[in-house]
Each structure stands twice: as structure tokens, then as C-alpha cells.
Amino acid sequence: MVNLDLSNVNCVLDLNKYSEYIKKFEEWCKKEKESPKGMIGWLNYCSRLDTAELDRIETVAKDIRSKFDTLVVVGIGGSYIGARSMIEAVKGLYSKEPIELIYLGNTLSAKYTKQILSYLEKKKFAVLVISKSGKTLETTIAFRLLKQLLKNKLGEHFVNAVYIVTDEHNGNLLDEAKYCGYETFYIPSDIGGRYSVITPVGLLPMAVAGVNIREFVQGAINAEKILSSSDLTKNQSYQYAVMRNILHKDGKAIELFVTYEPQVRRMCEWLKQLFGESEGKNKKGIFPASAVFSTDLHSLGQFIQDGNQCLFETVLNTTERDDEFVVPKEGKDFEELNHMAGKPVSEINQIIFKSVLKAHASQGKVPNIVFNIDKLDEYHLGYLIYFFMKACAFSAFIQGVYPFDQPGVEVYKENAHALLKNEE
Ligand code: PA5
């Protein structure tokens, strides 16, 4: 179960005002769905998902695992961060089983690229390129470099080591995939990058990494059902969206996503991307930031407790108990830990969470929105992904901005293309 706890924000939901917004949002969603350019296909993608598509994803994933020891996932933004965040959340940070995943195409750092390419020299690797537009510079350059390496190793058979996920109708990558005969999966045209983790964009790399995508999809389908209520007193994704906007109006410019699990750090990156690109336009939006506790309690913790009160926290609190590691007892109690000997580390992490909540919310007056998450597994993650996408779209609607474009990102891209042309 995932439960939203709003008891530490010290604000009340304005039911009348925001119930009106819900009505308008749902009407708007219908229109967006009917429009040929609408981008709201994600809203019921999972419940419409054909099992044949899931079967094909799993079959190809198995095939990749049987033929290669490494998969390089090439993509950026919404074409990368969702899959990576889910894989890390489920498999942990150091898993190389059943296959090693490496990420490229999200940077043009020559140093990083060199490290990856030389590491791959000795590997039997495949490349999975994910790009909806098929023309993102960072992604396409990385793909070229990887193709070169593959061609050197495999000659014309390199095509058997390339997998593509791209738009179903348009784009350079689609043209190349058809021309070369790469194994290809499609992103529906009515789903944009940061809402696409529930499509093959996320599902294929997850399946290759050994994540149970059926459970993940089931979590999203259940969220779709549970969060379909138009009643603000019942629908927690609407409650969350409303509360962050109330806090914003109250002067909180920053939302700090917090986790106590290092392997959820990347999911916070996904949340930053989702909210940042969806809301940050027309000089509006709540700036999304993130922190991992306890680590950042010893850096940002000081600011949060005592500094400028410009932020609220949204805590992803995983309550799952794990008894594997307990504090050991020692004959000589130098560390003064014997009074807690036998306590599981997971229980102490929960005590830290409660202590921080008291310190930040009650004593420091920093509003805390808390998600209590029973288990960090595929089902709960699928639920959360859908929860946040729906909340984000509604939150952007409340702010009066279109959630599904990112015109600001285009500015640097156009500048880069112009500079690169001038230098030719
Ligand atoms: O959320 C988005 O739409 C963006 O972050 C894109 O995913 C990102 O810019 C990559 O685009 P593409 O998939 O076209 O390479």
C-alpha cells in the first residue's frame, strides 16, 4: 500500500475551490484525449496494454540476456531516467545480474564516453537506443560511437546487437530502424518522454534487467483505478497536487523530494524531471530538488532546519522492515551501542525518519508531505509512477501551464545546432 500523510503540513485542503479545478481538469483531459495532437495517452495506457506486447518485450529481453553480457541503454531525459530509476530501486545500485546495464547518451563528456567505450572493448554488448524524436544530439552521437565499436567487432552483423525504442510514426531513428532492420519497439505518439516509463521506453530496459514488468504494470493499472475518483476527499493524487500548490501559494518555492534509501535517489531524479519540465514554464512552477537522508542531513540538514524557509519536503518513506542486519553486541562497548544491540538497521532508519519529521516539521516549521510506502517492489513502484504522473498533470493544470511540452529545453538545442552549423 502507498499512503499519503498530510498531517505534517499545517495547512488544510480547500475542498470547494479545488473540487472545481478537478472538474475542469477532467473535462480538459477528455478534450486532450480527443485532440489529434493530445499527449494524454499515458492516462490509460497500462489498462489498454496488450499482453502480446508484454510477451514480446519479455521475449526480446530474454534474448538480449542470453546473447550479451552487457546492455548499453542510450537515451536522455524522459527516454532514460525513468527506466534507470526503476531498475535501481528494484535491483539496488550494484547489481550486475542477470546482465550489466550501462548508460550513455545523457552526456557529451569526452572523459565519461572514453571510460565507457574502453570498458566495452572487452564486453559482449548490445545497444538499446531510446529516443522519441530520434534526433537528440547527446543520444545520436553516443549511438554513432557505439555503432562504430560494434561494426569493428561484428562487421555487418552489428545490426543484431542494436535495439530501438522510438515514435511509432515519425523520426530519423524510425527511418534508420526500418532501413537496417533493427528490432524496434514503439512509443505511442500521444505519450511524451517523461510520461513514457510505462511504455517500452521503461519496460524493455526494466525487463532486460530482470525487473518484473507485469507486476509494475499491475501497480500502474491499480493506480489508474484507485485514482480515477473525482472526489478530492478520496483521490490522494489530487490531494497531493492541491497541497503542493497551497504550499507554493504560501511562499514555498522549492519542493525537496527526500528518500532514506540510496537506491531511490534516481527516482527522485525522475520526479525532478517530471515536475521540472511539466511545470517550469511561463515563469511559473515549483522548483524540484532532492536529497538522500541520512547523507544529506549532514549537509542540507542544517539549511532545512534553520535556514531560509523557502521549501517544503515530500518524503518517500519506505516502511518495509528488514531484519537481516542488526546492531551487533560487543564485549567492550566503545561505540556505546550495546543498549540498541539486536535492533535491525531498518528499524533505526525509521527512528531517524521520525526524529527528522519532528525536527523539521514540528520544531523547524518546514511542511512535510509524507508518502508511506509498504514495500519497494515493482507493484508499489508502478503505483507510484502513475500516482505522480497524474498528480503532476493536475498540478500543472492548477498553475495554468501545459504539462506535456518543454519549450524551454529547445532553446539550448537550437543554439547548439546553430553553433555546430557555423563551425562546419
Ligand atoms: O520528457 C521529455 O519529453 C524529454 O525529457 C525527452 O524525453 C528528452 O528530451 C529526450 O527526447 P527524445 O526521446 O526525443 O530523445
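The values are calculated or read from the model by the stated rules, or taken from the named source; none is laboratory data. Everything numeric here is computed off the predicted structure, so don't read it as measured data. Cβ sites come from the backbone with ideal geometry, for glycine too, and all protein chains shown count toward neighbours. What goes into the accessible areas is simple: the full protein's heavy atoms, side chains included, and nothing from ligands, DNA or RNA. Shrake-Rupley method; radii C 1.70, N 1.55, O 1.52, S 1.80 Å.
So the values come out like this:
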read-out	value
Where a residue in segment 277-301 is among the small types (Gly, Ala, Ser) and its partner, wherever it lies, is within 16 Å of the ligand (Cβ to nearest atom) and in a loop (DSSP other than H, G, I, E, B), with Cβ under 6 Å and at least six apart	278/403
Qualifying residue in segment 197-207 (condition: of a type in the set (Ser, Thr, Tyr), touching a residue at least 40 places away in the same chain (Cβ under 8 Å) and touching a Ser or Thr at 6+ places or on another chain (Cβ under 9 Å))	no
Where a residue in segment 23-51 is free of Cβ contacts under 8 Å to residues at least 24 places away in the same chain and in the same structural domain as residue 392 (by TED's automatic domain parsing) and its partner, wherever it lies, is of a type in the set (Ser, Thr, Tyr) and assigned to a loop (DSSP other than H, G, I, E, B), with Cβ under 6 Å and at least six apart	none
Output for segment 363-376, where each listed residue is closer than 13 Å to residue 313 by Cβ and surrounded by fewer than 13 Cβ atoms within 10 Å (Cβ to Cβ)	365
Segment 101-136 - residue that is of a type in the set (S, T, N, Q) and surrounded by fewer than 14 Cβ atoms within 10 Å (Cβ to Cβ) and, of those, nearest to the ligand (Cβ to nearest atom)	109
Which numbered condition residue 184 misses (of (1) in a strand (DSSP E or B); (2) away from the ligand (no atom under 13 Å from the Cβ); (3) open to solvent by less than 10 Å² (accessible area, probe 1.4 Å))	(3)
Every residue from segment 5-41 that is hydrophobic (A, V, I, L, M, F, W, C) and in a helix (DSSP H, G or I)	15, 22, 25, 28, 29
Verdict on residue 353 being of a type in the set (Phe, Trp, Tyr) and under 27 Å from residue 236 (Cβ atoms)	yes
Residue match in segment 224-239 (condition: open to solvent by less than 10 Å² (accessible area, probe 1.4 Å), in the same structural domain as residue 19 (by TED's automatic domain parsing), outside any loop (DSSP other than H, G, I, E, B) and not acidic (Asp, Glu))	yes
Top-ranked residue of segment 54-100 - restricted to ones that are among the aliphatic types (A, V, I, L, M) and in a loop (DSSP other than H, G, I, E, B), ranked as nearest to the ligand (Cβ to nearest atom)	76
